[in-house]
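J.: Can you keep this structure in mind? I'll have questions shortly.
The values are calculated or read from the model by the stated rules, or taken from the named source; none is laboratory data. From a predicted model like this one, the values you see are computed outputs, not experimental measurements. Positions of Cβ are backbone-derived with ideal geometry, glycine not excepted, and every protein chain shown enters the neighbour counts. Protein only, heavy atoms only, side chains kept; ligands, DNA and RNA dropped before computing areas. Shrake-Rupley method; radii C 1.70, N 1.55, O 1.52, S 1.80 Å.
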Amino acid sequence: MPTKNIALLNNSRFYILCFSLLLSIAVVSTLRLEITSDQLFLIRTQQIYGLIAVIFWYVALIISPIGYVIGKSRIKHLEFARRAIGVSAAYFVLLHGLVALQGPLGGLEQLQYLPTLFKWSIGAGFIAFIILLVMALTSFDKVVRFMSFRRWKWLHRLVYFGGVLAVLHIWTIGTHLAYSWVSYSAFLSLAVLSFLEIFRVMKIFSVRSQELQRKDFFAVMLLSLWGLSLVAIASIPLLVENFHAKHSSQTHNHSDKVTD
Amino acid sequence: MSKLLFIALVMMSGLAFSRPALAHVLVTDANKQIGTVLHVYPDDDPIAGEASSLFFYVQSDDYKQPDYNPQLVIKNPDGSSSNIGISKDGSTISADYVFPTTGVYMINLYIDSGGKQTVFASQQRVSRASSEATLEAQSHSLAEFALVLSASAFLALIIVAFNRRQQIENFSRF
């Protein structure tokens, strides 16, 4: 099948998937060589796989709205590569979950011993993973043709619901959020994504709405909706319990001393 | 292709600037009845000779009441044991400790509640030291092989992609 092989080598998705596979091997190998403790090695591997999964997921989500801002023709190659980026995100989420389960958590049967917050958080992360897995499994051209593009598109909008669950999973037990610079970076990333998504949705609706075709009305609506979304993002720490915030404050407040 | 390279660079810089952080290690009691999530500051990787903090987040609702008595004993690599002063806040128990040297420590948390004692035992390896040599890294020939293999394959992938950049640009778009 020489023609098929040549087509594969001309496909940017092939290179992204190969890159992801090699990156996962390089990460685990480097960490194994760098870290003496087996337990710490598993913790770091799980954390870095999780971080890479988030980066892939974010890039996959942001490509489409960027196209509405700068013009789809300018990012046609990225739009083409988007499916492979999404599949890579699913792959790293799978690795993140497997390493966490077999490493720090100690196996599937151990999940019952986790505190309630962790159970909820891992449940949200698992549902997000299932959604991402469905996206990955239905990302082939043949499946798109079989389902019809319209149905496929509706199914793939579930990725936003999965994204919300992933944010809650990361917020509740995510490890790096204990550092303020990570919290600010996460807020900034979500703020940029929400702005672009609102812009995209409004652009779509402006085709049918005369009001939205007026530039001033469009700008006011965009900024108002974005402001609301920022309030929603900023209120996550107030509405959802975070494990690290709780015991980080305790680090500086050992008030209830028991023994000395 | 330059855009793909940009994405790769962004991801690599994300990795480079990511600091080690805190994680969750699940420890179950000897009777497999209750679990606790243990965190060790800093970064689950304490430094010998410097202050560390230990956090236990106990699963059971029984420990949300204040009438339980926890006790933390750390067994040092030389066999001696230290009884550590602890704090509790609901079902979260915390303590500060300076691991004196590198080596493997046993962390034992005893909780007396309602006339019964629950024991959580966990091993903690301290491999970094502030003033002395760190524990020697073990040899992992498979990891070395995998790293060299992945780096070589990555290099080959870049060469192939660079040589076919025009075909990729023409093929890989809607």
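J.: At 0.36 nm per residue, and after removing the present C-alpha to C-alpha distance, how many nm does the segment from A:Ile130 to A:Gln210 gain when stretched out fully?
T.: Extending this stretch completely gives an extra 24.8 nm.
J.: For the charge dipole of chain A, defined by +1 on Lys and Arg C-beta atoms and -1 on Asp and Glu C-beta atoms about the Cα centroid, which residue among A:Ser64, A:Leu40, A:Val54 has the Cα displaced farthest towards the positive pole?
T.: Farthest towards the positive end: A:Ser64.
J.: If you roll a 1.4 angstrom probe over the protein chains with everything in place, what fraction of the accessible area of chain A belongs to carbon and sulfur, to the nearest %? Walk me through the numbers on the way to the answer.
T.: On the way: 9660 of 13640 Å².
Looking at chain A in its full context, I get 71 percent from C and S.
J.: Using only atoms on other chains, find how many Cβ atoms lie within 10 Å of each Cβ of peptide B:89-98 and report the average.
T.: Mean shielding count: 3.
J.: Cβ neighbours within 10 Å, averaged per peptide: list A:77-90, B:82-95, A:200-213, B:113-126 in order, most packed at the top.
T.: A:77-90, B:82-95, B:113-126, A:200-213
J.: Highest GNM mean-square fluctuation, chain A, Cα pairs closer than 10 Å: which of A:Leu165, A:Leu108, A:Leu17?
T.: Of the options given, A:Leu108 has the highest mean-square fluctuation.
J.: At R0 = 35 Å, how high is the FRET efficiency between B:Lys32 and A:Val240 if r is their beta carbon distance? Nearest 0.05 is fine.
T.: 0.70
J.: Step through the residues of segment A:117-125 one at a time and calculate ³J(HN,Hα) from phi using the Karplus curve (6.51 cos²θ - 1.76 cosθ + 1.60, θ = phi - 60°), rounding each to whole Hz and writing x for Gly and Pro.
T.: Once θ is set to phi - 60°, the couplings for segment A:117-125 become 4, 5, 4, 4, 5, 5, x, 5, x Hz.
J.: Right, here's the next one. Between segment A:116-143 and segment B:50-127, how far is it from one alpha carbon centroid to the other, in angstrom?
T.: Rounded to whole Å, the Cα centres lie 36 Å apart.
J.: Buried accessible area between B and A (1.4 Å probe, both chains summed, ligands and nucleic acids excluded), in Å² to the nearest 100?
T.: Details: alone 12230 and 16960 Å², together 22510 Å².
Separately minus together, B and A give about 6700 Å² buried.
J.: Using protein chains only (no ligands, no nucleic acids) and a 1.4 Å probe, work out which residues of segment A:72-105 have their accessible area cut by at least 20 Å² relative to the chain alone.
T.: With the partner chains in place, segment A:72-105 has these residues losing at least 20 Å²: A:Arg74, A:Lys76, A:His77, A:Leu78, A:Glu79, A:Phe80, A:Pro104, A:Leu105.
J.: How many angstrom lie between the C-alpha centres of segment B:151-174 and segment A:80-112?
T.: Result: 28 Å between the Cα centres.
J.: Probe of 1.4 angstrom, ligands and nucleic acids ignored: what's the accessible area per residue over chain A, in square angstrom? Write down the numbers at each step before the final one.
T.: Values: 13640 Å² over 260 residues.
Solvent-accessible surface per residue comes out at 52 Å².
J.: Could I ask something else about it? Got a sec to turn the phi values of segment B:160-174 into Karplus ³J(HN,Hα) couplings, 6.51 cos²θ - 1.76 cosθ + 1.60 with θ = phi - 60°, whole Hz, x for Gly and Pro?
T.: 4, 4, 5, 5, 10, 4, 5, 5, 5, 4, 6, 7, 8, 7, 7
J.: Treating the beta-carbon of each Lys and Arg as +1 and of each Asp and Glu as -1, no other charges, what is the dipole magnitude of segment A:1-107 about its Cα centre, to the nearest 20 debye?
T.: Roughly 500 debye, rounded to the nearest 20.
J.: I need the calculated FRET efficiency for the pair A:Leu188 and B:Asn108, taking r as the beta carbon distance and R₀ as 51 Å, to the nearest 0.05.
T.: 0.75
J.: How many nm separate the modelled label positions at A:Tyr179 and B:Ala156, each set 7 Å beyond the Cα in the direction of the Cβ?
T.: Distance between label points: 3.5 nm.
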